[in-house]
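Colleague: Pasting a structure here, questions to come.
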Amino acid sequence: MPTTNIERFDQACGLIFAHLFDRFPQRTMIRSEDIEAVFKASEQEHEDWLSQYVSREAFFGSTMTWLIDAGYIWCAAGQDNNFQTIFTQCVLTPKALEALKVTPTSLSTGSLGESLKEAAKSGALDAAKDLANQVISKGWNIATTAAMSVLSQA
């Protein structure tokens, strides 16, 4: 069964979070090759290589832009030079780092970030997808709680 865009997005987020968590606090460059497993798992065999490449770069760029806009990643610049989409000087935001440090009750040991790193290393895209959903949810809860706290003090 083909992978849906939402499933690919969640898998990509998981691998991106794992990549940044593994390198935190260093700023790092992220390219579509860093989430290659997501594309290999979902590409159609009948597509030509150029269509696949263009689709990969567009999907990767859109995913990174969403993560930046949603406040999970700080990034100096995104560059699309009609050849490759590259994001430079990327690092997790405090919201993302706090969410990745959480150890949910469903995990006996380790944080979401550590679990994502292991899933990324082993190529477990479904696990990365599920963990990324938890990170995004935790990040949203963190941001909402902080906003409510500020509003209640005003």
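Colleague: Give, as a single signed number, the net charge of other residues whose beta carbon lies under 13 Å from the beta carbon of GLU114, with Lys and Arg counted +1 and Asp and Glu -1.
Modeller: Net charge in that neighbourhood comes out at +1.
Colleague: Give the lysines reachable from LYS138 as a straight Cα distance under 26 Å; neighbours fewer than 8 places away on the same chain don't count.
Modeller: Hits, sequence-local ones excluded: LYS95, LYS101, LYS117, LYS121, LYS129.
Colleague: Let me ask you something else. Given the peptides 4-17, 85-98, 50-63, arrange them by the average over their residues of other C-beta atoms within 10 Å, most packed first.
Modeller: 4-17, 85-98, 50-63
Colleague: Could I ask something else about it? Sort GLU114, GLU47 so that the residue with the fewest other Cβ atoms within 10 Å of its own Cβ comes first and the one with the most comes last.
Modeller: So the residues, fewest neighbours to most, are GLU47, GLU114.
Colleague: Also, quick follow-up: How large is ³J(HN,Hα) for each residue in the stretch 56-64, as worked out from phi by the Karplus curve 6.51 cos²θ - 1.76 cosθ + 1.60 (θ = phi - 60°), to whole Hz, x for Gly and Pro?
Modeller: Rounded to whole hertz, the list is 4, 5, 5, 5, 4, x, 5, 5, 4.
Every read-out reported here was derived from the displayed coordinates using simple, explicitly stated rules and does not represent laboratory data. Predicted model only: the values in this text are computed from it and were never measured. Here Cβ is always computed from backbone atoms with ideal geometry, including for glycine, and neighbour counts include all displayed protein chains.
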